[in-house]
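Q: Below: one structure in structure tokens.
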């Protein structure tokens, strides 16, 4: 009986989830396609039908992450909110998903782990780590909405480091954060981007 498109997509998702679990348990380098097939309960042929190799899994994980962060950036661009409030919303949304969506957390932990421990090459991974949001930050600097003495690249680097730091520490310690704690972290990060001390003293989280 011919499989429907929906059934094929369900199989692909099951294989993808199995791949995430295997990579989490064994690491990307040690994991094999056979390991993933066993975890998913499918044949090797089914694996290769959907993913031609391990690198295809890697690219899919990074691609989904890039798409999500691009959506957050697009929302910020379209928003009528001041830059700091828009940034606060994006950080809160990002952290909330990390701590509430197990699958998403595994994906982000995989990306962080591989970027730190392997020589895996991916243009999308490099873009995800270093280039996203710079144009938006540059516009905010020019409009005086964030600290004007920063360059856009320095602002982006700082923002990336702070958020990744939360991801890494939470992953190492196996902890989660409440909505209130996430709000306080977003407050702390956003204050560092404020254009003046008087602006930074005001809690955007408390306004929400």
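Q: Could you count how many residues in segment 77-109 are surrounded by 19 or more Cβ atoms within 10 Å (Cβ to Cβ) and either more than 20 Å from residue 177 (Cβ to Cβ) or not assigned by TED's automatic domain parsing to the domain that holds residue 179 (or both)?
A: Residues in segment 77-109 being surrounded by 19 or more Cβ atoms within 10 Å (Cβ to Cβ) and either more than 20 Å from residue 177 (Cβ to Cβ) or not assigned by TED's automatic domain parsing to the domain that holds residue 179 (or both): 3 in total.
Q: Restricting to segment 22-32, count the residues that are surrounded by fewer than 17 Cβ atoms within 10 Å (Cβ to Cβ) and either modelled with pLDDT of 90 or more or assigned to a helix (DSSP H, G or I) (or both).
A: 5
Q: When residues of segment 151-181 are filtered for being in contact (Cβ under 8 Å) with a residue 24 or more places away in the chain and assigned to a loop (DSSP other than H, G, I, E, B), how many remain?
A: 2
Q: Among what's in segment 140-150 and is assigned to a helix (DSSP H, G or I) and without any contact (Cβ under 8 Å) to a residue 24 or more places away in the chain, pick the residue that is nearest to residue 94 (Cα to Cα).
A: Of everything passing the filter in segment 140-150, 141 is nearest to residue 94 (Cα to Cα).
Yes/no per residue for (1) closer than 27 Å to residue 22 by Cβ; (2) in a loop (DSSP other than H, G, I, E, B); (3) modelled with pLDDT of 85 or more:
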site	(1), (2), (3)
52	yes, yes, yes
56	yes, no, yes
68	yes, no, yes
74	no, no, no
85	no, no, yes
92	no, no, yes
108	yes, no, yes
115	yes, no, no
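Q: Here is a follow-up. Here are some conditions: (1) modelled with pLDDT under 80; (2) under 21 Å from residue 74 (Cβ atoms). Residue 206 meets all but one. Which one does it not meet?
A: Failing condition for residue 206: (2).
Q: Is it fair to say residue 14 is over 20 Å from the mean Cα position of the chain (by Cα) and assigned to a loop (DSSP other than H, G, I, E, B)?
A: No, not satisfied.
Q: Let me ask something else about it. Considering 170, 200, 158, which residue is surrounded by 13 or more Cβ atoms within 10 Å (Cβ to Cβ), modelled with pLDDT under 90 and under 17 Å from residue 92 (Cα atoms)?
A: 158
The values are calculated or read from the model by the stated rules, or taken from the named source; none is laboratory data. As the structure is a prediction and not an experimental result, all values here were calculated from the model. Reconstructed Cβ throughout: ideal geometry from the backbone, glycine too, with neighbour counts over all protein chains shown.
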